[in-house]
Amino acid sequence: LVGGTLDTVGKNLLEGGLLVVTVLLAFLGSLRAGLVVASVIPLSMIFATGIMSLVGLPGNLMSLGALDFGLLVDGGVVMVEALFFALHTGGGTVKERAEEICVRMARPVFYSVLMILLVYLPVLSLGEVSGKMFRPMALTVVFALGTALIASLTFVPAAAVIFLRDSDTPEKEPWLVRRVHALYARLLPHA
């Protein structure tokens, strides 16, 4: 049973991680930017697992399976997209603009992740059997999202300065975004 659970969790985490990385690469249009943002996933998992161990939370299928990697990378995506936008509109280099973007986007990123975290408060207040079943899941998500928030505000801007080159900024929107915009433009008059 334990082996089967570990295999299932490992397979789901790997598939979810690969799917999120693929979507990031398709929508950001930069391999390095996608990898910088995707690096938030293992960082969040490591710290969330460590916190779970410290507080004695079980790492079962329900708690680890509840992690949504798309939620974990939201803050990092916002930071990188804001950096790309600032570079396109105001020029400069990644190194010159990263601190400014981090300061400007810190509050919106913080509040957006906070809103997601607030969704889990009612689950944390459950009692009896339902509390025993769902509280570990909610706490795991809270730990991972909290870590992802900290990584988005600290690690992602620093990693962008270190790993992103000025040439990594896409000159135009990625092909997938252009296709979606074209489809949207065709469908909008009919809506």
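The values are calculated or read from the model by the stated rules, or taken from the named source; none is laboratory data. Here the structure is a predicted model, which is why all the values come from computation and not from measurement. A quick note on method: Cβ atoms are made from the backbone with ideal geometry, for glycine too, and the neighbour counts reach across all protein chains shown. Please note that ligands, DNA and RNA were not included when accessible areas were found on the heavy atoms of the full protein model with its side chains. Shrake-Rupley method; radii C 1.70, N 1.55, O 1.52, S 1.80 Å.
For the reader, a short list of remarks on this structure follows.
- Number of residues in the range 165-174 that are in a helix (DSSP H, G or I) and surrounded by fewer than 11 Cβ atoms within 10 Å (Cβ to Cβ): the value is 1.
- Within the range 174-191, no residue that is under 17 Å from F84 (Cβ atoms) sits with its Cβ atom under 6 Å from a residue that is open to solvent by 100 Å² or more (accessible area, probe 1.4 Å) and modelled with pLDDT of 90 or more at 6+ positions apart or across chains.
- From the options L149, L187, residue that is assigned to a helix (DSSP H, G or I) and over 30 Å from I46 (Cβ atoms): L187
Table: residues versus (1) in a helix (DSSP H, G or I); (2) open to solvent by 30 Å² or more (accessible area, probe 1.4 Å); (3) β-branched (V, I, T).
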site: V78; (1), (2), (3): yes, yes, yes
site: F85; (1), (2), (3): yes, yes, no
site: P122; (1), (2), (3): yes, yes, no
site: V141; (1), (2), (3): yes, no, yes
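- Candidates in the range 143-157 are the residues that are open to solvent by 40 Å² or more (accessible area, probe 1.4 Å) and either modelled with pLDDT under 90 or of a type in the set (V, I, T) (or both); of these, the one that is nearest to the chain's Cα centre (by Cα) is I150.
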